[in-house]
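The values are calculated or read from the model by the stated rules, or taken from the named source; none is laboratory data. Every value quoted in this text rests on a predicted model; they were computed, and no experiment measured them. Methodologically, a virtual Cβ is constructed for each residue, glycine included, from the backbone with ideal geometry; neighbour enumeration extends over all protein chains shown. Quick note on the areas: whole protein, heavy atoms, side chains included, nothing else; ligands and nucleic acids left out. Shrake-Rupley method; radii C 1.70, N 1.55, O 1.52, S 1.80 Å.
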Amino acid sequence: MSRILDQRILFLVISFAASVQSTKILSKWKKCGDPECEKAMSRVQATTDYLGPDCRYLNFKTGEEIIVYSKLSRENENLWTGSKGKDFGYFPRDAVKVEEVLIGEEVEVLTKETDFLCLHEDKYNFE
């Protein structure tokens with residue numbers, strides 16, 4: 001009985017740690033195509049397969065097209081945000097090549113806590 005209790009406690013600790021990691025703020029600033037970050041900034045193509053470390057990241061295969069909506073700035077300029085079909089998330093900018101720029105000028109804005117939530121899990125599905 002004690003062993004089962006130990007396993008449950010360990011599971012809860014691991015679950016809590018994963019939850020904290022998946023809400024970690026990756027940057028305080030981001031660049032967008034407009035102040036609301038609703039305009040698509042560019043169309044890119046994956047140059048490599050990518051599997052993100054957690055649910056906030058966009059997974060893709062070489063050759064897939066991604067629409068970019070924001071780019072983290074200042075503390076973490078390597079991560080961009082985009083969508084592929086119904087999937088949305090962060091990915092490293094060096095895993096893609098820009099095919100088409102869709103905006104003339106980037107606007108830098110503060111990020112929000114909601115920028116770092118997992119949006120494709122059942123409880124956050126907005127379809």
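A few remarks follow.
- In this simple spin-label model, placing a label point 7 Å from the Cα along the Cα-to-Cβ direction at both ASN78 and THR47 gives a separation of 1.5 nm.
- At a probe radius of 1.4 angstrom, the accessible area of the range 26-105 per residue rounds to 53 square angstrom.
- Once the chain from VAL107 to LYS61 is taken as fully extended at 0.36 nm per residue, the excess over their C-alpha distance is 13.6 nm.
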